[in-house]
1. Within the stretch 167-185, can one find any residue that is farther than 30 Å from residue 102 by Cα, among the charged types (D, E, K, R) and out of contact with any His (no Cβ under 9 Å at 6 or more places or on another chain)?
2. If I filter the stretch 240-254 for residues that are over 16 Å from residue 164 (Cβ atoms) and among the small types (Gly, Ala, Ser), do I get at least one hit?
3. So which of 421, 434 is more than 13 Å from ligand 1 (Cβ to nearest atom) and of a type in the set (Gly, Ala, Ser)?
4. Filter the stretch 249-258 down to residues that are assigned to a helix (DSSP H, G or I) and in contact with a strand residue (DSSP E or B) (Cβ under 9 Å, 6 or more places away or on another chain) and give me whichever is surrounded by the most Cβ atoms within 10 Å (Cβ to Cβ).
5. Being more than 9 Å from ligand 2 (Cβ to nearest atom) and in a helix (DSSP H, G or I) is the filter here, so list the residues in the stretch 399-427 that pass it.
6. Given the conditions (1) modelled with pLDDT of 95 or more; (2) within 16 Å of ligand 1 (Cβ to nearest atom); (3) loosely packed, with under 15 Cβ neighbours inside 10 Å, report the number of the one that residue 348 does not fulfil.
7. Quick one: which residue in 400, 409 is under 29 Å from residue 121 (Cβ atoms) and either of a type in the set (Lys, Arg) or within 16 Å of ligand 1 (Cβ to nearest atom) (or both)?
8. Out of everything in the stretch 355-371 that is hydrophobic (A, V, I, L, M, F, W, C) and buried (at least 20 other Cβ atoms within 10 Å of the Cβ), what residue ends up being farthest from ligand 2 (Cβ to nearest atom)?
Amino acid sequence: MSNCMNDYKNCKYNISNEYKLSRYNVYFKYSDFNLLYNTLHDSLLKINDKTYKYIKKNGENLKKIDDEKKNILIDNGFIINKGINEINFVKDKYLKSVYDNKSYVLIINPTMDCNFNCWYCYENHKKSKMSPETIQNVKKFIKNLITKKDISNLIISWFGGEPLLYNDIIYEISKEAKKVISNYDNKILLNDITTNGFLINEKIIEKFKECNFKRFQITLDGYKTKHNKNRKTKNGENTYNTIIKNIKSLINNDFKVCLRINYTEEILEDGDIEKIANDFKDIDKKNLEIDLQKVWQIEHTKKMYDLFDKSIDDIRNINKNINITQSYQLHPNQATRCYGDKMNQAVVNYDGYVFKCTNVKFDKKNSIGKLTDSGIINWDENKMLKRKRFIPPFVKFEKCIACKLLPLCLGPCSEMFLRKGDKEDFIENYCPKGKSPKFDLKNLVKNQYYEKINN
Ligand code: SF4
Ligand code: SF4
């Protein structure tokens, strides 16, 4: 594949000597500055009022832009060769991400059981635990991945249920993975975990340090009172204070924490996000990332959009160095397909059945493979073939082809497309644009600007 994204002028799609504006340019005026941003190249320029007005007024007419400015615009992908069809870049980006064979993402559910009783959880918390036989099969699978596949990174993500209920299983498998990978200087093991954060203690922290754990994802449902109302343990205990204490311990031990805050209009209006951010004012924030996610059962309102903006500005004022992400999928530097779309990826459930997506009922009938006693996955070839046939799904939708967000969003995932793509209103229902501030370009560009000037 050509390296067009880095060597734009010599790209294989460059076939003319005339220039045009990129279809992925966006221009925004904020209260005291103007930004020009390109969603394909993630390039950002602060421009003065005169240039902003000129571009708005002259559109495709590039004749009056002086050569120096023009070269900057060409180098950053704002002005492109007339022969280029930028959709091909997006397809390349998509396929590169799906067929990336340098990393393998292995998601493991040691259990589907949980110590919490959240009313909205879609998972069926039946008593379950990975058996010693399946543990052995997972270890063999990891060994096969490391020794037989030409990968540089093995990313093991622990999921569930609440995975820390069986931290002994996590420790056993991770220790083995670390042992096998330590024979290879050119291969790296990265462990991360999605947990409710309640069961973290010093002993677990020490064990996890041993096994190359890097990142924890922990969720809060608002500030103390609201969180405690929603997220009690099965025994009815409040959980907020313990989780905050545990997050601080993790950060002080040099783990990265992605703190996901589920928000509603009430949570934004009551200033809960600022109050939570304030609970971390006494620690080093470089390892803390705040990820704001709307509670999925509700729709966004106009009021929520405004409140969301205000919350982000307020957090920035209180905590200058805090890293706020609006969605890991839309973060321009990480804009790749969801793990579920990648070929080098599998979700292994506690019972050995294998899936591609985590947003699924982990039933045998939804599985697309099974882990065998020799540590390989028997994929259901028919189901896999169906996935491959529709890659990339965005080419089927005019709305995506015309969308300036496409290089960041990359359209629907193959899982959703396979489940519902034949319905007439599929793309309208799926498309997050206009329904979430995460897909609000003006907001995204402003955040990019703050990130760039803070780093
Ligand atoms: S539904 Fe799609 S985006 Fe969501 S987890 Fe599954 S594969 Fe990923
Ligand atoms: S799903 Fe929506 S936001 Fe994403 S590329 Fe398609 S039209 Fe754009």
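The values are calculated or read from the model by the stated rules, or taken from the named source; none is laboratory data. Just so it is clear, the model here is predicted, and its values are computed rather than measured. Please note: Cβ atoms are built from the backbone with ideal geometry, for glycine as well, and neighbour counts cover all protein chains shown.
1. No, that holds for no residue.
2. No, that holds for no residue.
3. From the options 421, 434, the qualifying one is 434.
4. For the stretch 249-258, the residue satisfying everything is 250.
5. 414, 415, 416, 417, 418, 419, 420, 426
6. (3)
7. After ruling out the rest, the residue left standing is 409.
8. Within the stretch 355-371, the match that is farthest from ligand 2 (Cβ to nearest atom) is 371.
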